[in-house]
Amino acid sequence: MWQIARFFCVGAGATIVHVVAALIYNGLGIAPLWANFFAFLTAFIPSYAGNYVWTFERTAEVRQSLRRFLALSFGCFAINQAIVYGVTEIARLPLWVALIPVVLVIPLAGYFLSKLWAFRPQIRNAA
């Protein structure tokens, strides 16, 4: 349970960074999809560092977990962008409306994939 709580604390922090950054970038006149992309990049490092160090307590090899978390993050980001595109470009609603499903869907998928794949400890063969 503590791991889930830590993951959601790190995720909440990263989500706050992402949402604030997206709104700032959008407020600077950057199109919603680009604002969301720059916000994703802004939130990636605190998300990885918090999960590696605190949530999963450095149990995975750093390079492997970084590569996997990067792949996982880009996958989640693709879903994120699809939601933002659908809401802002197709439905013509404001960016903040798109951020609601993003905040609800992405963290759940991220936790399970982080635990089961990205931060899974590497099994070493005893030779």
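The values are calculated or read from the model by the stated rules, or taken from the named source; none is laboratory data. Given the structure is predicted, the values throughout are model-derived calculations rather than measurements. Here the Cβ positions follow ideal geometry from the backbone for every residue, glycine too, while neighbour counts run over all protein chains shown.
For the reader, a short list of remarks on this structure follows.
- Exactly one residue out of Val20, Val87 is of a type in the set (A, V, I, L, M), out of contact with any Phe, Trp or Tyr (no Cβ under 9 Å at 6 or more places or on another chain), surrounded by 14 or more Cβ atoms within 10 Å (Cβ to Cβ) and over 18 Å from Ala118 (Cα atoms), and it is Val87.
- Candidates Pro121, Pro107, Pro101, filtered to the one that is touching a residue at least 12 places away in the same chain (Cβ under 8 Å), touching a Gly at 6+ places or on another chain (Cβ under 6 Å) and either within 28 Å of Asn26 (Cβ to Cβ) or part of a loop (DSSP other than H, G, I, E, B) (or both): Pro107
- Residue among Ala49, Ala60 that alone is farther than 19 Å from Ala78 by Cβ, aliphatic (A, V, I, L, M) and assigned to a loop (DSSP other than H, G, I, E, B): Ala60
- In segment 90-126, residue surrounded by the most Cβ atoms within 10 Å (Cβ to Cβ) [restricted to those that are more than 15 Å from Pro32 (Cα to Cα) and of a type in the set (Gly, Ala, Ser)]: Ser114
- Test: Thr55 is over 15 Å from Phe119 (Cβ atoms) and at pLDDT 90 or above: no
- Filter pass, Gly11 being in contact (Cβ under 8 Å) with a residue 60 or more places away in the chain, closer than 21 Å to Phe119 by Cβ and surrounded by 13 or more Cβ atoms within 10 Å (Cβ to Cβ): yes
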